[in-house]
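Every number in this text was worked out from the coordinates using simple rules, so none of it is lab data. Because the structure is a prediction, the values reported are computed rather than measured. Every residue, glycine among them, receives a Cβ derived from its backbone with ideal geometry; neighbour counts consider all protein chains shown.
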């Protein structure tokens with residue numbers, strides 16, 4: 001399992017249900033890494049994140065929820081609501097799963113990810129959703145992309 005996230009210098013990852021910046025190269029990187037290919041294909045996200053981004057093409061999404069009514073829904077348009085226990089049975093051994101939000105899902109799953117790709121937006125933003133500290137859980141980091149507005153850093157164990 002891997003993680004992927006974008007955060008500002010003050011650790012903001014969201015504001016009023018949206019990402020507070022638009023950086024095309026970061027969106028392109030997210031799509032390349034998580035699309036159905038050798039490295040991607042399956043997304044894990046919480047309900048609020050899913051309601052914000054919706055169904056993304058070329059990926060299958062598992063939406064974590066505790067809402068029992070939503071758990072009964074099986075939608076063939078590229079997503080399925082699951083509880084955490086079901087997700088463990090599905091995703092644990094598979095490296096093609098990407099943890100991609102929101103803050104509670106990151107807090108729960110980043111510690112068990114083998115690697116995390118973090119876009120660090122080189123600015124501070126107002127926000128109401130923040131990424132918890134996770135860096136000390138990874139022994140290696142490498143900058144894999146340097147741009148004027150952001151860096152992409154790969155953390156691995």
Fluctuation leader among 129, 144, 63 - the chain, Gaussian network, Cα springs under 10 angstrom: 144
Inter-part distance where the stretch 73-143 and the stretch 4-63 are each reduced to a Cα centre, Å: 10
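If you average the sequence gap of Cα pairs under 8 Å that are 6 or more apart and divide by the length of the chain, what percent do you get for the contact order?
Values: 307 pairs, mean separation 52.0, N = 157.
This gives 33 percent for the chain.
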Residue 128-residue 71 pseudo-label distance in nm [points 7 Å out on the Cα-to-Cβ vector]: 2.8
Virtual spin-label span in nm between residue 51 and residue 149, 7 Å along Cα→Cβ: 2.8
On Cα atoms only, tilt of 24-34 relative to the major axis of the chain in degrees: 40
GNM result for the chain, Cα springs below 10 Å: residue of 21, 88, 98 fluctuating most strongly: 88
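Please report the antiparallel percentage of DSSP beta bridges with both residues in the chain, rounded to the nearest 5. Working shown, then result.
Numbers: 18 of 39 bridges.
The antiparallel proportion sits near 45 percent.
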For the chain, calculated [θ]222 nm from helices alone, where every DSSP H run of n ≥ 4 adds -39500 (n - 2.57): -6000 deg cm²/dmol
Cα-based convex hull volume of the stretch 98-157 per residue, rounded to whole Å³: 85
Highest-fluctuation residue, 49, 119, 65 considered, GNM on the chain with Cα pairs under 10 Å: 65
